[in-house]
1. Give me the accessible area per residue for segment 1-59, probe 1.4 Å, as a whole number in Å².
2. Under unit Cβ charges (Lys, Arg +1; Asp, Glu -1), what dipole magnitude, rounded to 20 debye, does the chain have relative to its Cα centre?
3. So if R0 is 30 Å, what FRET efficiency would residue 100 and residue 3 give, r being the distance between their Cβ atoms, rounded to the nearest 0.05?
4. Lys and Arg at +1, Asp and Glu at -1: add these up for the other residues within a Cβ distance under 11 Å of residue 203 and post the number.
5. Over all directions, what mean area does the Cα convex hull of the chain project, stated in square nanometres?
6. With a cut-off of 17 Å, note down the residues of segment 111-127 whose backbone N falls inside the zone around a label point 7 Å from the Cα of residue 66 toward its beta carbon.
7. Using unit Cβ charges (K, R positive; D, E negative) and no other charged atoms, how large, in debye to the nearest 20, is the dipole of segment 46-106 about its Cα centre?
8. Restricting things to alpha carbons, tell me how big segment 4-57 is in terms of Rg and Dmax, in Å.
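The values are calculated or read from the model by the stated rules, or taken from the named source; none is laboratory data. Remember, it's a predicted structure, so these values are computed and weren't measured experimentally. Glycine gets a Cβ as well: all are built from the backbone with ideal geometry, and neighbour counts include every protein chain shown. Note: accessible area is taken over every heavy atom of the protein model, side chains too, but ligands, DNA and RNA are not part of it. Shrake-Rupley method; radii C 1.70, N 1.55, O 1.52, S 1.80 Å.
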Amino acid sequence: MKRTLILCNGSPPSEDLLREYRANSDHFIAADGGGNIALQHNLTPDVVIGDLDSFDGSPDNDFEVIHKPDQYANDLEKALAHALQQQATHVHILGATGLRLDHTLKNLSVLKQFHDQFIELRMRDNFGETRLLDLNFQEEFPTGTPLSLFPLSGKVTGITTSGLKYPLDDGVLENGVRDGSSNETIEPLIEITHKRGDLLLFVAQ
């Protein structure tokens, strides 16, 4: 098991959050301008990777800097590809949301792109955690935890939940029609299954 932290150049995580995740990671990758955020908090990444249009580091940095100018992949894609090469199994991503909406949406698309290539792949910001669910999901949360379900692929069918205040029974979530925002847990163990589509879970923390 190898835990990797990726820090992107979106809305910066709090210093406490960043240090918590760094302390629990074996490898630290900064995606381009994420390297600036790391250095501002006196944290040294193992590698900075991207097209380097945002990173302000100098050639004297005592860590690896990998220039990947490919404009058909964004910096998070490049960081995740590098994590795969380093045999990462569990990846947590900070700084992938906020600021430009198009960048946030692209990063959610990248989450889908790499979902099946790691045991665990999650995004975290100062408000909570986002992950793409497998067809069968169960996990324990404190009762009263706010959470939302979102159909990333446009439409998700056959959704059945237990342990939530507003349950679904073979339900459908579809962009512009019905979403699953602002739900909450009413039991410690929640279960969510779906039959088709890409279902995002956001858990407020």
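1. Each residue of segment 1-59 exposes 43 Å² on average to a 1.4 Å probe.
2. The calculated dipole for the chain is roughly 400 debye.
3. 0.60
4. Neighbour charge sum, excluding residue 203 itself: 0.
5. In nm², the orientation-averaged hull projection of the chain is 11.4.
6. 114, 117-118
7. Approximately 320 debye in magnitude.
8. For segment 4-57, the Cα-based Rg and Dmax read 10.0, 29 Å.
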